[in-house]
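See structure below.
The values are calculated or read from the model by the stated rules, or taken from the named source; none is laboratory data. Predicted model only: the values in this text are computed from it and were never measured. Neighbour counts run over all protein chains shown; Cβ positions are idealised from the backbone, glycine included. All accessible areas refer to the heavy atoms of the entire protein, side chains included, with ligands and DNA or RNA removed. Shrake-Rupley method; radii C 1.70, N 1.55, O 1.52, S 1.80 Å.
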Amino acid sequence: MAWKCIVEGKELADVRADRKDSESIEKYRISKNAVYFEGQYLPTALVTALRAQPSLYYPQCCCGRGVPVFKIRLDYGAEKPLILMVEKEKSAEKVVAAIRAANPAVTVEEYVDPNAERQE
């Protein structure tokens, strides 16, 4: 399979070797150089900020109830951020830790629950 970089001009020299050394977290693979997903990859050096937050996924042909998931938003300088979706909170923590290990300069934004009561 040919892996395509989502940012033109920022391709990795040896994608095959890098992906071979990557860690699998649910449906994603993360190495010290890139985040691999759906036949594409994003170099970790381009990630400027990330945020993990709980969310709901509403699959088509479902009973109308949302499936609880965690979304990880990766900002990398493009108009739209890359959104990764994992089922387990531990997986979300692993993704954040792996990206931070690969790029210590990344800013981790804290999720603030809009429904939480404000403490005064």
*Only helical DSSP H runs with n ≥ 4 go in: add -39500 (n - 2.57) per run for the chain, normalise by residue count and round the 222 nm mean residue ellipticity to 500 deg cm²/dmol.*
-5000 deg cm²/dmol
*On the protein heavy atoms, probe 1.4 angstrom, tell me the percent of accessible surface of the stretch 5-65 carried by carbon and sulfur.*
46 percent
_Can you give me the angle between helix 89-102 and the longest principal axis of the chain, using Cα atoms only, in degrees from 0 to 90, rounded to the nearest 10?_
40 degrees
*What share of Cα pairs, in percent, lie more than 19 angstrom apart in the chain?*
50 percent
*Extending each Cα 7 Å along its Cβ direction at residue 6 and residue 60, get the distance between those two points in nm, one decimal.*
2.1 nm
*Ranked highest first by average number of other Cβ atoms within 10 Å, how do 47-57, 8-18 line up?*
47-57, 8-18
*Taking the Cα-to-Cβ direction at residue 112 and at residue 89 and moving 7 Å from each Cα, how far apart do the two end points lie in nm?*
2.1 nm
